[in-house]
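Remarks on the structure that follows.
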Amino acid sequence: MLRLVNISKSFGEVKSLENVNFAVWPGEVVGLLGDNGAGKSTLVKIITGYHRPDPGGEIYFHGRRVENLTVPQARRLGVETVYQEKALADKQSLWRNIFMGRELSNRFGFLDVARMRRETEALMTAKMGFTSKAVTTDTVVRTLSGGERQGVAITRALHFDAELIILDEPTMALSLSETRKVLDFVTSIPQAGKSCIFIDHNIFHVYPVVDRIVVLDRGRVAGEFAKAEVTLDELLERLYRVAKTGEMT
Ligand SMILES: Nc1ncnc2c1ncn2[C@@H]1O[C@H](COP(=O)(O)OP(=O)(O)OP(=O)(O)O)[C@@H](O)[C@H]1O
Ligand SMILES: [Mg+2]
(Lines give C-alpha, C1' and ligand atoms only; values in the text may rest on other atoms or scores of the structure.)
(Ligands and ions follow the chains in the order given, each with its own letter.)
Protein backbone atom coordinates (compact mmCIF):
# COMPACT_ATOMS: atom_id res chain seq x y z
CA MET A 1 0.00 0.00 0.00
CA LEU A 2 2.66 2.49 1.09
CA ARG A 3 6.43 2.52 1.34
CA LEU A 4 8.67 5.30 2.59
CA VAL A 5 12.38 5.01 1.85
CA ASN A 6 15.02 7.11 3.55
CA ILE A 7 12.65 9.84 4.60
CA SER A 8 14.16 12.76 6.50
CA LYS A 9 12.60 16.03 7.55
CA SER A 10 14.35 19.03 9.02
CA PHE A 11 12.81 22.17 10.40
CA GLY A 12 15.78 24.52 10.44
CA GLU A 13 18.18 23.01 12.94
CA VAL A 14 15.71 20.41 14.17
CA LYS A 15 15.88 17.00 12.50
CA SER A 16 12.40 15.64 13.11
CA LEU A 17 12.94 12.54 10.98
CA GLU A 18 16.16 10.88 9.95
CA ASN A 19 16.35 8.19 7.25
CA VAL A 20 13.05 6.59 8.13
CA ASN A 21 12.02 3.44 6.28
CA PHE A 22 8.40 2.53 6.79
CA ALA A 23 5.81 0.40 5.02
CA VAL A 24 2.15 -0.48 5.30
CA TRP A 25 0.73 -3.56 3.60
CA PRO A 26 -2.82 -3.84 2.27
CA GLY A 27 -5.22 -4.85 5.04
CA GLU A 28 -2.66 -4.15 7.76
CA VAL A 29 -2.96 -2.07 10.92
CA VAL A 30 0.39 -0.59 11.95
CA GLY A 31 0.83 0.90 15.40
CA LEU A 32 3.20 3.86 15.44
CA LEU A 33 4.66 4.40 18.89
CA GLY A 34 7.12 6.86 20.35
CA ASP A 35 7.54 9.56 22.95
CA ASN A 36 6.41 13.17 22.57
CA GLY A 37 8.39 14.75 19.78
CA ALA A 38 9.54 11.40 18.35
CA GLY A 39 8.36 12.44 14.88
CA LYS A 40 5.09 10.49 14.56
CA SER A 41 2.90 13.40 13.44
CA THR A 42 5.64 14.67 11.14
CA LEU A 43 5.68 11.26 9.46
CA VAL A 44 1.90 11.38 9.10
CA LYS A 45 2.06 14.85 7.57
CA ILE A 46 4.56 13.61 4.98
CA ILE A 47 2.24 10.75 4.03
CA THR A 48 -0.72 13.14 3.70
CA GLY A 49 1.31 15.48 1.47
CA TYR A 50 1.22 18.29 4.03
CA HIS A 51 4.99 18.35 4.54
CA ARG A 52 7.54 17.89 1.78
CA PRO A 53 10.36 15.57 2.96
CA ASP A 54 14.02 16.57 2.59
CA PRO A 55 15.56 15.67 -0.80
CA GLY A 56 16.79 12.08 -1.07
CA GLY A 57 13.74 10.30 0.27
CA GLU A 58 11.27 8.27 -1.75
CA ILE A 59 7.52 7.68 -1.39
CA TYR A 60 5.71 4.79 -3.06
CA PHE A 61 1.97 4.11 -3.23
CA HIS A 62 1.02 0.65 -4.50
CA GLY A 63 4.61 0.18 -5.60
CA ARG A 64 4.62 3.32 -7.72
CA ARG A 65 6.93 6.23 -6.90
CA VAL A 66 5.19 9.51 -6.21
CA GLU A 67 7.29 12.65 -6.41
CA ASN A 68 6.19 15.95 -4.89
CA LEU A 69 3.18 14.46 -3.13
CA THR A 70 0.46 17.05 -2.43
CA VAL A 71 -2.56 16.92 -0.08
CA PRO A 72 -5.17 16.49 -2.86
CA GLN A 73 -2.99 13.87 -4.53
CA ALA A 74 -2.64 11.89 -1.29
CA ARG A 75 -6.40 12.05 -0.92
CA ARG A 76 -6.88 10.77 -4.45
CA LEU A 77 -4.52 7.91 -3.58
CA GLY A 78 -6.88 6.99 -0.76
CA VAL A 79 -5.23 8.53 2.30
CA GLU A 80 -7.68 9.74 4.95
CA THR A 81 -6.54 11.18 8.25
CA VAL A 82 -8.57 11.43 11.43
CA TYR A 83 -7.42 13.84 14.09
CA GLN A 84 -9.05 14.26 17.46
CA GLU A 85 -9.86 17.92 16.91
CA LYS A 86 -9.73 18.97 13.31
CA ALA A 87 -11.63 16.06 11.75
CA LEU A 88 -15.04 17.66 11.39
CA ALA A 89 -16.75 20.93 10.56
CA ASP A 90 -18.30 21.80 13.92
CA LYS A 91 -21.10 24.04 12.80
CA GLN A 92 -22.37 21.71 10.09
CA SER A 93 -24.85 18.86 10.33
CA LEU A 94 -23.85 15.24 10.49
CA TRP A 95 -24.89 14.48 6.90
CA ARG A 96 -22.97 17.50 5.59
CA ASN A 97 -19.87 16.28 7.39
CA ILE A 98 -20.19 12.81 5.93
CA PHE A 99 -20.41 14.15 2.36
CA MET A 100 -18.10 17.15 2.74
CA GLY A 101 -16.14 17.67 -0.47
CA ARG A 102 -17.94 14.77 -2.17
CA GLU A 103 -21.52 15.99 -2.24
CA LEU A 104 -23.98 13.92 -4.21
CA SER A 105 -25.99 15.70 -6.86
CA ASN A 106 -29.03 14.67 -8.84
CA ARG A 107 -29.32 14.53 -12.61
CA PHE A 108 -30.14 18.24 -12.74
CA GLY A 109 -26.88 19.08 -11.04
CA PHE A 110 -28.45 20.11 -7.76
CA LEU A 111 -27.35 18.78 -4.40
CA ASP A 112 -29.26 15.59 -3.65
CA VAL A 113 -29.90 16.36 -0.01
CA ALA A 114 -32.52 13.65 0.43
CA ARG A 115 -30.16 10.94 -0.74
CA MET A 116 -27.27 12.23 1.38
CA ARG A 117 -29.55 12.22 4.43
CA ARG A 118 -30.77 8.72 3.63
CA GLU A 119 -27.25 7.35 3.19
CA THR A 120 -26.09 9.08 6.36
CA GLU A 121 -29.00 7.55 8.24
CA ALA A 122 -28.06 4.09 7.00
CA LEU A 123 -24.41 4.60 7.98
CA MET A 124 -25.42 5.80 11.42
CA THR A 125 -27.20 2.59 12.27
CA ALA A 126 -25.05 0.14 10.30
CA LYS A 127 -21.58 1.57 10.90
CA MET A 128 -21.48 4.17 13.61
CA GLY A 129 -23.58 2.26 16.08
CA PHE A 130 -25.33 5.43 17.20
CA THR A 131 -27.87 4.53 19.82
CA SER A 132 -28.63 8.00 21.16
CA LYS A 133 -32.13 9.08 20.19
CA ALA A 134 -30.89 12.66 20.36
CA VAL A 135 -28.68 12.23 17.30
CA THR A 136 -30.17 12.55 13.81
CA THR A 137 -28.69 13.26 10.38
CA ASP A 138 -29.38 16.95 10.99
CA THR A 139 -27.63 17.09 14.34
CA VAL A 140 -24.94 19.75 14.37
CA VAL A 141 -21.60 18.02 14.91
CA ARG A 142 -20.54 20.41 17.69
CA THR A 143 -23.08 18.79 20.00
CA LEU A 144 -21.77 15.24 19.51
CA SER A 145 -19.58 13.55 22.10
CA GLY A 146 -15.87 13.06 21.36
CA GLY A 147 -16.41 9.37 20.61
CA GLU A 148 -19.34 10.05 18.32
CA ARG A 149 -17.26 12.61 16.42
CA GLN A 150 -14.49 10.10 15.97
CA GLY A 151 -17.08 7.62 14.76
CA VAL A 152 -18.31 10.07 12.12
CA ALA A 153 -14.77 10.79 10.92
CA ILE A 154 -13.79 7.13 10.69
CA THR A 155 -17.07 6.12 9.06
CA ARG A 156 -16.55 8.82 6.45
CA ALA A 157 -13.08 7.46 5.74
CA LEU A 158 -14.37 3.89 5.38
CA HIS A 159 -17.39 4.91 3.32
CA PHE A 160 -15.37 6.79 0.72
CA ASP A 161 -13.04 3.94 -0.06
CA ALA A 162 -10.06 5.30 1.74
CA GLU A 163 -7.24 2.82 1.26
CA LEU A 164 -5.16 4.01 4.18
CA ILE A 165 -6.76 5.49 7.27
CA ILE A 166 -4.45 7.37 9.61
CA LEU A 167 -5.52 7.94 13.19
CA ASP A 168 -3.27 10.35 15.07
CA GLU A 169 -4.12 10.00 18.77
CA PRO A 170 -7.84 9.50 18.17
CA THR A 171 -8.58 8.47 21.75
CA MET A 172 -7.06 11.53 23.38
CA ALA A 173 -9.57 12.94 25.88
CA LEU A 174 -12.16 10.25 25.20
CA SER A 175 -14.09 8.34 27.85
CA LEU A 176 -13.62 4.62 28.33
CA SER A 177 -16.67 3.62 26.30
CA GLU A 178 -15.91 6.14 23.55
CA THR A 179 -12.38 4.78 23.34
CA ARG A 180 -13.82 1.27 23.05
CA LYS A 181 -15.86 2.46 20.05
CA VAL A 182 -12.83 3.92 18.31
CA LEU A 183 -10.88 0.70 18.89
CA ASP A 184 -13.78 -1.29 17.45
CA PHE A 185 -13.67 0.97 14.38
CA VAL A 186 -9.97 0.27 14.00
CA THR A 187 -10.63 -3.46 14.15
CA SER A 188 -13.19 -3.08 11.35
CA ILE A 189 -10.66 -1.41 9.01
CA PRO A 190 -8.73 -4.56 7.95
CA GLN A 191 -12.04 -6.44 7.81
CA ALA A 192 -13.04 -3.94 5.11
CA GLY A 193 -9.75 -4.68 3.32
CA LYS A 194 -8.22 -1.26 4.14
CA SER A 195 -4.99 -0.36 5.91
CA CYS A 196 -4.46 1.78 8.98
CA ILE A 197 -1.74 3.65 10.81
CA PHE A 198 -2.72 3.99 14.45
CA ILE A 199 -0.94 6.44 16.74
CA ASP A 200 -1.74 6.45 20.44
CA HIS A 201 0.31 6.97 23.57
CA ASN A 202 -1.57 4.23 25.37
CA ILE A 203 0.12 0.96 24.50
CA PHE A 204 -2.82 -0.90 26.04
CA HIS A 205 -5.00 0.60 23.30
CA VAL A 206 -2.51 0.00 20.52
CA TYR A 207 -1.41 -3.56 21.18
CA PRO A 208 -4.77 -5.37 20.86
CA VAL A 209 -5.78 -3.77 17.53
CA VAL A 210 -2.54 -3.76 15.48
CA ASP A 211 -0.74 -6.33 13.35
CA ARG A 212 2.66 -4.68 13.51
CA ILE A 213 4.36 -2.10 15.67
CA VAL A 214 6.93 0.51 14.64
CA VAL A 215 8.71 2.48 17.35
CA LEU A 216 10.09 5.93 16.58
CA ASP A 217 12.69 7.53 18.83
CA ARG A 218 14.03 11.02 18.21
CA GLY A 219 13.25 10.84 14.50
CA ARG A 220 14.63 7.35 13.88
CA VAL A 221 13.01 3.94 13.68
CA ALA A 222 14.17 2.31 16.92
CA GLY A 223 12.43 -1.01 16.38
CA GLU A 224 9.78 -2.82 14.44
CA PHE A 225 8.01 -6.13 15.02
CA ALA A 226 4.98 -8.18 14.21
CA LYS A 227 2.65 -8.43 17.15
CA ALA A 228 3.00 -12.19 17.06
CA GLU A 229 6.70 -11.73 17.94
CA VAL A 230 6.21 -9.82 21.20
CA THR A 231 3.93 -10.13 24.18
CA LEU A 232 2.53 -6.97 25.70
CA ASP A 233 4.95 -7.34 28.64
CA GLU A 234 7.95 -7.65 26.33
CA LEU A 235 6.80 -4.63 24.35
CA LEU A 236 6.49 -2.53 27.51
CA GLU A 237 9.95 -3.65 28.59
CA ARG A 238 11.42 -2.64 25.21
CA LEU A 239 9.68 0.72 25.21
CA TYR A 240 11.16 1.52 28.62
CA ARG A 241 14.57 0.52 27.28
CA VAL A 242 14.18 2.82 24.26
CA ALA A 243 13.21 5.70 26.52
CA LYS A 244 16.32 5.12 28.64
CA THR A 245 18.96 4.21 26.08
CA GLY A 246 17.52 4.91 22.62
CA GLU A 247 18.06 1.21 21.78
CA MET A 248 15.49 -1.52 21.65
CA THR A 249 17.67 -4.51 22.46
N1 LIG B 1 6.29 22.76 11.77
C2 LIG B 1 7.34 22.52 12.60
N3 LIG B 1 8.32 23.42 12.76
C4 LIG B 1 9.36 23.19 13.57
N5 LIG B 1 9.54 22.07 14.28
C6 LIG B 1 8.58 21.12 14.17
C7 LIG B 1 7.44 21.29 13.33
N8 LIG B 1 6.69 20.18 13.42
C9 LIG B 1 7.32 19.35 14.28
N10 LIG B 1 8.46 19.91 14.73
C11 LIG B 1 9.42 19.29 15.67
O12 LIG B 1 9.67 17.98 15.21
C13 LIG B 1 9.76 17.08 16.30
C14 LIG B 1 8.76 15.95 16.11
O15 LIG B 1 7.47 16.47 16.25
P16 LIG B 1 6.16 15.57 16.00
O17 LIG B 1 4.99 16.44 16.12
O18 LIG B 1 6.33 14.80 14.74
O19 LIG B 1 6.22 14.57 17.25
P20 LIG B 1 5.19 13.46 17.72
O21 LIG B 1 5.93 12.16 17.74
O22 LIG B 1 3.96 13.52 16.92
O23 LIG B 1 4.91 13.90 19.23
P24 LIG B 1 3.55 13.84 20.11
O25 LIG B 1 3.45 12.44 20.61
O26 LIG B 1 3.82 14.80 21.22
O27 LIG B 1 2.41 14.25 19.24
C28 LIG B 1 9.52 17.90 17.56
O29 LIG B 1 10.76 18.21 18.13
C30 LIG B 1 8.81 19.14 17.04
O31 LIG B 1 9.07 20.25 17.83
MG1 LIG C 1 1.95 14.00 17.35
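Things worth noting here:
- Selection from segment 132-159 of residues that are more than 27 Å from L77 (Cβ to Cβ), outside any loop (DSSP other than H, G, I, E, B) and within 20 Å of the chain's Cα centre (by Cα): G146, G147, E148
- Screening L32, L69, L43, L17 for residues that are away from ligand 2 (no atom under 16 Å from the Cβ), among the aliphatic types (A, V, I, L, M) and either surrounded by 14 or more Cβ atoms within 10 Å (Cβ to Cβ) or in a loop (DSSP other than H, G, I, E, B) (or both) leaves exactly one candidate, L69.
This table checks each residue for (1) assigned to a helix (DSSP H, G or I); (2) surrounded by 15 or more Cβ atoms within 10 Å (Cβ to Cβ).
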| site | (1), (2) |
| --- | --- |
| Q73 | yes, no |
| K91 | no, no |
| R107 | no, no |
| T120 | yes, yes |
| L123 | yes, yes |
| A126 | yes, no |
| F130 | no, yes |
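- Subset of segment 1-14 that is crowded, with 16+ Cβ neighbours inside 10 Å and either assigned to a loop (DSSP other than H, G, I, E, B) or basic (K, R) (or both) - its residue that is farthest from the chain's Cα centre (by Cα): K9
- Condition broken by I203, with the remaining ones in (1) at pLDDT 90 or above; (2) buried (at least 17 other Cβ atoms within 10 Å of the Cβ); (3) under 30 Å from F160 (Cα atoms) satisfied: (2)
- Beta carbons closer than 7 Å, at least 6 apart along the sequence or on distinct chains, pair a first residue in segment 29-52 that is closer than 17 Å to R220 by Cβ with a second that is within 6 Å of ligand 1 (Cβ to nearest atom) and in a loop (DSSP other than H, G, I, E, B) for K40/G34.
The values are calculated or read from the model by the stated rules, or taken from the named source; none is laboratory data. The shown structure was predicted, so the numbers you read here are calculated from the model rather than taken from an experiment. Methodologically, a virtual Cβ is constructed for each residue, glycine included, from the backbone with ideal geometry; neighbour enumeration extends over all protein chains shown.
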